[in-house]
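Since the structure comes first, as structure tokens, the remarks are kept for the end.
We did not get these values from a lab; they are worked out from the coordinates using the rules stated. If you're wondering where the values come from, they're calculated on a predicted model, not measured in any experiment. FYI the Cβ positions are ideal-geometry reconstructions off the backbone, even for glycines, and counts take in every protein chain you see.
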Amino acid sequence: MMPPPNHRQIRLDRPLVGRMAVATCALTLGFSAVSWRLYDLHLKRGPALAEEASRKFRETRPLPAQRGSIKDLSGRYLAYDEEIFDLSTNRVHLHELLTARLAIAEMREAKYSFPSTVGLTKDQIVASYQEHIADKIAPKLGLSREQALARIRSKEQIEVLAEKMTEDQAKEWKALLAAHHIRGVYVNSTIRRHYPTENRLALIVGGVEDGRGGVRGVEKTQEQVLRGVPGSVEVEHDKSGRELPLYRGEIKNPVHGRDIHLTIDMAVQDAVDHIVEQASLQWRPNKIMAVVTDVRDGSILAMSFRPDHDRGAPGSTNWKNLAIYEPYEPGSTFKIVAFTGALDTGRITTRSTFDCELGDYTDPVFRVPLHDLKRQGVVPVTDIFKHSSNIGTFKVFKKLGQEKFIEYVKAFGFGRPTGIELNGESRGYVNDSQKGWSNATYSRFPIGYEVNCTPIQMAMAYGAIANGGILMKPRLIDRVVSDGGRKVEVMPPQVAGHVCKGQTAQTMRELLQLVVEEGTGSRARFEGLEAAGKTGTTRRYDPEHNPVYDKKGRLLRKGGYPEGQWITSFAGFAPAKDPKIVCVVVLDYPKCEDKTAIGGGKVAAPIFGEIASEVLKQLSVRPSRPLALEGGDQE
């Protein structure tokens, strides 16, 4: 039988029961809240939070691809990526207590002497560590302690202390920082494009800009070959941005760019540059251009011009490669078109004769006067060509006819880009509309007026004569090398067209040799080898000359040919009988006290002779004969 309840005890226990109930409820609610929080964090919002944490502390860092180098034919570097180093501070790390304490702990563990920090505030500990850094780096930077401390305490996020350091200097700094347990000051590496030849070939090699890659020259046109494919690496870092190497993820190695070898040999280029520079000083032209090519395959051996781009002058505005950009009226060097066409079609032979009218002639149909420097009567084609008769050339053109003449102009490549592997090439100007010719055009076009071409176009045209009538595309890229030199892709020569029959080209080579041996180009001769070529002298067109205004001051027209301003040129090849090189020289407005000394034969021809002689020596072409006797006409 149960004992009767103790009512007094029940009354005493009621508060305890209540408290237990409250505690139980509180615990239940607490565990429920924790459970809900765990559910919310791990199940409901878990993936999103994990992704956010990953974004915050994990990142994919790019591994840049090394840009391919540009080299000359012999392998000499013209452009390459260079690793340079700088010394800089990180403001976050230098003002962070954790960085200071870690560094101080390292010093004590290594038994490195450092003042006690007991009793110091957080700011005092950081300041003490900053002073330690200043003491150690100031002497090597050439700064006072106070100057170094000011740089360390700079408000800039990153303060560069030294830049453009060599690898050896970077190693010295790394050793110093490690020896003195310095954190917050780092040696960083970066890549810059280096051009060891400086201004030489500046507009041919080109340049690069951050974020844009190549912007000029070969750097631009061969961007896809040079730039490579960047890689990447997944990394994890702490809140201070320091990488945690143990958590490094997937690595995709970069594919480095390929190396490009040009057809230009710097030994040849330097020789041509020197001659062009001397000629520029002697004649003081507004512009001077020289192009040297290989007859066989159209390879560019040298390309020199003034003014050029100055890499060292931030304000340099000359971005034009004059050898491919600057069109000019070629004058008598253009006469090869009419003669080649007339010979190739059988309209004339070298024995054909024409009346040169003793140097003065006005065609009865076109009524535009023509003049010759040399007064000739009825003479054969050989004399017309070697003495550069305008009247005789016009009559040869009439034999050929306008339609056929335009065909040969196009066959030689005039009026269209050559396709050289450079940006900014001009197509020149050719009036190929048979209905759009004025009376002046009929008499001027065949002798090299009312037509514009570039030096590279003229070089390829003369190369076609030297190469048996085959027009080549200019070749600037010799080979592309990759995989550490194990893969080599040679760029094959490309035929751009067929200008004339081989026999016609042979006849034209003989006529061009006569020009140098007996005619207007005698000053192009040089010791040991025979040359062939043609002089050119044209009045210089100035688009700003002689402006005409109406009564209200409005410009009506401008442009013309100022007196005493000339463009002189010479285009040719050597050796004459077995051509190896083509050379074109153009001077825009050469200056001389003696106005009669200005002409293609007197100004440009000697420069051609110097260049051809030096280049053939560089190519080890053996002499075949002594220097020819002086003589011939001058244009």
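Tabulated data
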item	result
Estimated distance in nm for a label pair at Leu281 and Glu83, the labels positioned 7 Å out from Cα along Cα-to-Cβ	4.2 nm
Overall dimensions of segment 491-573 by Cα: Rg and Dmax, Å	20.9, 65
Burial ranking of peptide ranges 62-71, 370-379 (average Cβ count within 10 Å, highest at the top)	62-71, 370-379
Ala496 long-range amide H proximity, modeled H, under 5 Å	Leu471, Met472, Lys473
Residues in segment 410-437 reached by a label modelled at Arg212 [backbone nitrogen below 18 Å; 7 Å Cα→Cβ]	422-425
Long-range amide H partners of Val255 with built H, under 5 Å	Val229, Gly231
Extension gain, Leu97 back to Ala23 (0.36 nm per residue minus Cα-Cα distance, nm)	22.3 nm
Principal axis dimensions, largest first and in whole angstrom, of segment 460-614 by Cα	71, 46, 33
Using θ = phi - 60° and Karplus 6.51 cos²θ - 1.76 cosθ + 1.60, couplings along segment 117-122 (whole Hz; Gly, Pro as x)	10, 5, x, 7, 6, 4
Anchor Lys122: lysines whose Cα lies under 20 Å away (excluding residues fewer than 8 positions away in-chain)	Lys155, Lys239
Debye, to nearest 20: dipole size of the chain, +1 on Lys, Arg Cβ, -1 on Asp, Glu Cβ	2140 debye
Hz values of 3J(HN,Hα) by residue in segment 588-594 - Karplus curve (6.51, -1.76, 1.60), Gly and Pro given as x	9, 6, x, 10, 7, 4, 8
For a label point 7 Å along the Cα-to-beta-carbon line of Glu172, residues of segment 135-149 with backbone N under 19 Å	135-145, 148
Restricting segment 482-535 to trypsin sites (Lys or Arg not before Pro) in coil, as DSSP defines it, with at most 10 other Cβ within 10 Å	Arg486
Whole-Hz couplings from phi, Karplus 6.51/-1.76/1.60, listed for segment 161-167; x for Gly and Pro	8, 8, 9, 6, 7, 7, 5
Theoretical FRET efficiency, 1/(1+(r/R0)^6), r = Cβ-Cβ of Val488 and Val118, R0 56 Å, to 0.05	0.25
Proximal lysines relative to Lys140, as straight alpha-carbon distance under 17 Å, when same-chain residues fewer than 8 apart are discounted	Lys164, Lys171, Lys174
Cα-centred dipole magnitude for segment 266-618, charges only on beta-carbon of K, R (+1) and D, E (-1), debye, nearest 20	880 debye
Extended-chain gain in nm, criterion 0.36 nm per residue less alpha-carbon gap, Glu407 and Glu106	100.0 nm
Matching label, log10 I(q)/I(0) by the Debye sum over Cα atoms at q = 0.07, 0.08 Å⁻¹ computed from the structure shown, candidates (i) -0.45, -0.59; (ii) -0.64, -0.74; (iii) -0.50, -0.64	(ii)
